[in-house]
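Colleague: Sharing a structure, written as structure tokens. Questions coming.
Values quoted throughout were computed directly from the atomic coordinates according to the rules given, and no laboratory measurement underlies them. Everything numeric in this text was worked out from a predicted model, so none of it was measured.
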Amino acid sequence: MKQARHWIAIGLVILLVVFAVQNMASIHVNFLGFEFATSRIILIAICVAIGFALGKAIRIRHH
């Protein structure tokens, strides 16, 4: 079962990298009154990191 999880994780990371590389254009972001320009790849990485951290926090809280 652990080996299957590792393969799934590797597959998801590969899909994330392909998605991020295809979205490298610069965009303008408005967040809580702040406006800034960044590339989509950085925004995607930040969102994935926040999602990962929240997922870990919820999982730890349940156990």
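Colleague: Taking θ = phi - 60°, what integer Hz values does the Karplus form 6.51 cos²θ - 1.76 cosθ + 1.60 yield along segment 33-42, in sequence order, with x for Gly and Pro?
Modeller: x, 9, 10, 8, 9, 8, 8, 4, 4, 5
Colleague: Under 5 Å between amide H atoms, partner at least 5 residues away or on a different chain: which partners does SER39 have, H built in plane at 1.01 Å?
Modeller: ILE27
Colleague: Can you match log10 I(q)/I(0) by the Debye sum over Cα atoms at q = 0.18 Å⁻¹ to one of these, [x] -0.83; [y] -0.67; [z] -0.93, based on a calculation from the structure here?
Modeller: [x]
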